[in-house]
1. Every residue in the stretch A:48-72 that is under 13 Å from the mean Cα position of the chain (by Cα) and either free of Cβ contacts under 8 Å to residues at least 60 places away in the same chain or more than 14 Å from chain B (Cβ to nearest Cβ) (or both), please.
2. I'm trying to understand the selection: among the residues of the stretch A:188-244, which are exposed (fewer than 15 other Cβ atoms within 10 Å of the Cβ), among the polar types (S, T, N, Q) and touching a residue at least 40 places away in the same chain (Cβ under 8 Å)?
3. Can you list the helices (runs of 4 or more DSSP H) found entirely within the stretch A:97-205 that contain at least 2 residues being among the polar types (S, T, N, Q)?
4. Restrict the check to the stretch A:73-84 and report whether at least one residue is within 14 Å of chain B (Cβ to nearest Cβ) and surrounded by 17 or more Cβ atoms within 10 Å (Cβ to Cβ).
5. List pairs: first residue in the stretch B:38-55 and closer than 17 Å to B:Ile226 by Cβ and acidic (Asp, Glu), second residue modelled with pLDDT of 95 or more and not in a strand (DSSP E or B) anywhere in the structure, Cβ distance under 7 angstrom, at least six positions apart or on different chains.
6. Which of (1) under 30 Å from B:Thr214 (Cβ atoms); (2) at pLDDT below 95 is the odd one out, the single condition B:Glu30 does not satisfy?
7. I need the full set of residues from the stretch B:156-212 which are within 14 Å of chain A (Cβ to nearest Cβ) and without any contact (Cβ under 8 Å) to a residue 40 or more places away in the chain, in order please.
8. Looking at this structure, is A:Leu45 assigned to a loop (DSSP other than H, G, I, E, B), in contact with a Lys or Arg (Cβ under 7 Å, 6 or more places away or on another chain) and either assigned by TED's automatic domain parsing to the domain that holds A:Phe131 or touching a residue at least 40 places away in the same chain (Cβ under 8 Å) (or both)?
Amino acid sequence: MSKILFENRSLVVPGDVVAEGDRLTLAAPFLRRVGRSVVATVVGLLTVEKSNNEYKVGLIPLEGCYYPRPGDVVIGIVRDIGVTSWLIDIRAPLPGVLNASDYLGKPYSPSEDLSKYLDVGDVILAKVAQFDRGRDPLLTVQEKGLGKVVEGALIEIKPSRVPRVIGRKRSMLSVLQEETGCQIVVGNNGRILLRCPDPEREAIAVLAIKKIEREAHTQGLTERIKDFIIEQKIKRGLIGGSGR
Amino acid sequence: MGAVGEKPRLIDESGRRIDGRRPDELRPIEMEVGVLKNADGSALVKFGDTWVLAAVYGPREAVPKHMTLPERAVIRCRYRMLSFSTHERKSPAPSRREVELSKVIREALEPAVLTELYPRTTIDIFIEVLNAHGGTRTAGVTAASLALADAGIPMRDLVAGVAVGKVDGVIVLDINEIEDMYGEADMPVAAMPGLGRITLLQLNGVLSPNEFRTGLKMAMEGIRRIYEMQKKVLRQKYAVIEEE
């Protein structure tokens with residue numbers, strides 16, 4: 001017999017015993033088994049799913065740094081130029097490494113100056129290709145849409161709130177894009193790139209994203225964000241007051 | 001410390017202590033998390049007139065790099081008493097006592113933190129005593145553990161601490177500065193109550209085996225109460241946002 005001691009989507013803190021029993025699947029690294037009980041290790045929201053007498057328990061952390069995983073899309077800022085690679089700040093505890101041969105797409109001889117291609121402070125959109133505990137995260141730009149970012153606005157939010165900005169099945173992201181008309185790229189490391197038709201819409205998108213960050217742990221957020229954007233648009237005279 | 005004068009009466013006829021508390025009574029405790037904007041996690045803890053501020057950064061890249069470990073994060077901890085925290089100005093240079101307490105507090109927190117999740121990084125903990133009135137190391141442990149949780153660093157359990165002492169032959173909980181100065185014994189204890197593990201135990205003075213057992217039991221009960229307050233305050237941070 002398994003017992004869940006908290007409701008779905010409730011807030012748990014480190015040390016909370018969230019469940020007891022053995023017919024449980026733990027879907028998060030932030031849950032730990034201690035004997036027969038399951039203990040939370042971070043402040044977060046508990047997710048409970050039940051399927052034929054088995055519980056699947058997960059924990060979405062509300063705080064914490066970005067820790068890279070292979071396959072993550074990240075927005076990085078060039079921090080240092082090496083002989084055959086760049087060091088990229090990806091807001092992780094360890095710097096990202098982007099090899100020159102990967103960025104240029106061809107073998108690279110160290111005779112050239114790398115700052116010709118990417119200089120300190122440049123922004124890139126990249127994917128984490130490899131990351132194991134022994135080495136620094138290796139980045140790649142060899143995929144469609146990745147590479148140097150030349151235009152747009154960059155904002156930062158807490159990396160732990162990224163899943164909320166995207167939403168279940170990208171629902172929040174599509175609301176944001178549809179309602180503001182901005183093109184939005186969300187990096188898993190909490191950096192967000194906005195390409196907007198005008199400054200007013202950009203301001204609205206930024207405010208909406210910051211609101212999501214602040215209220216990430218509340219329910220019914222997608223609807224509230226939709227209303228918020230419409231309200232802002234009316235306030236700024238982008239659409240009429242009646243209907244929309 | 002003021003002039004060392006006559007030893008005051010620490011327990012009066014009715015069994016009350018010098019500040020009017022019963023022997024098993026804690027000082028009024030206040031806690032707040034997320035008080036510092038720049039830190040990844042922070043907490044302010046007040047045990048009566050003892051005020052302690054803790055800030056946590058990380059896990060982050062270590063400087064200098066050679067001090068990192070390949071299999072886990074390194075925890076660095078600095079405990080400091082501010083110059084104005086005592087009656088007579090304390091020299092800002094780190095004293096022998098502060099260096100030792102930094103190590104003791106670090107060792108009280110290390111068993112709780114899941115350092116193996118973040119190899120080759122460091123977690124920095126800064127503990128600043130704003131006002132010292134006895135029990136600063138246990139208040140420091142309590143604050144630092146809250147700050148770690150606030151930073152989203154995975155922990156096996158929260159750590160809470162409190163000191164017990166023997167004054168005028170009576171075992172008392174959460175001793176203040178005067179009781180510490182004139183008492184017969186002082187025993188700081190820190191523990192992870194959820195797991196039933198003690199992470200810090202020191203004893204200054206003399207206790208009989210029976211007094212030790214009574215004192216430890218009293219300390220663990222105090223720690224339980226502090227632990228519940230810690231959990232409550234961590235939850236409160238998000239409840240406030242929800243109401244807005």
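The values are calculated or read from the model by the stated rules, or taken from the named source; none is laboratory data. These numbers come from a predicted model, not from an experiment. Glycine also receives a Cβ, built like all others from the backbone with ideal geometry; neighbour counts cover every protein chain displayed.
1. Filtering the stretch A:48-72 down to residues under 13 Å from the mean Cα position of the chain (by Cα) leaves A:60-69, A:71-72.
The answer is A:Tyr67, A:Gly71, A:Asp72.
2. Of everything in the stretch A:188-244, just one residue is exposed (fewer than 15 other Cβ atoms within 10 Å of the Cβ), among the polar types (S, T, N, Q) and touching a residue at least 40 places away in the same chain (Cβ under 8 Å), namely A:Gln219.
3. Working: elements: A:100-104, A:162-166, A:171-180.
Passing ranges, in order: A:171-180.
4. We begin by selecting, within the stretch A:73-84, every residue within 14 Å of chain B (Cβ to nearest Cβ); these are A:79-80.
Of the ones still in play, those that are also surrounded by 17 or more Cβ atoms within 10 Å (Cβ to Cβ) are none.
Scanning the stretch A:73-84, I find no residue that is within 14 Å of chain B (Cβ to nearest Cβ) and surrounded by 17 or more Cβ atoms within 10 Å (Cβ to Cβ), so the answer is no.
5. Close Cβ pairs (under 7 Å, with a partner that is modelled with pLDDT of 95 or more and not in a strand (DSSP E or B)) amount to B:Asp49/B:His133.
6. (2)
7. B:Ala191, B:Pro193, B:Gly194, B:Leu195, B:Gly196
8. Values: assigned to a loop (DSSP other than H, G, I, E, B): no; in contact with a Lys or Arg (Cβ under 7 Å, 6 or more places away or on another chain): yes; either assigned by TED's automatic domain parsing to the domain that holds A:Phe131 or touching a residue at least 40 places away in the same chain (Cβ under 8 Å) (or both): yes.
Considered against the rule, which asks whether it is assigned to a loop (DSSP other than H, G, I, E, B), in contact with a Lys or Arg (Cβ under 7 Å, 6 or more places away or on another chain) and either assigned by TED's automatic domain parsing to the domain that holds A:Phe131 or touching a residue at least 40 places away in the same chain (Cβ under 8 Å) (or both), A:Leu45 comes out as no.
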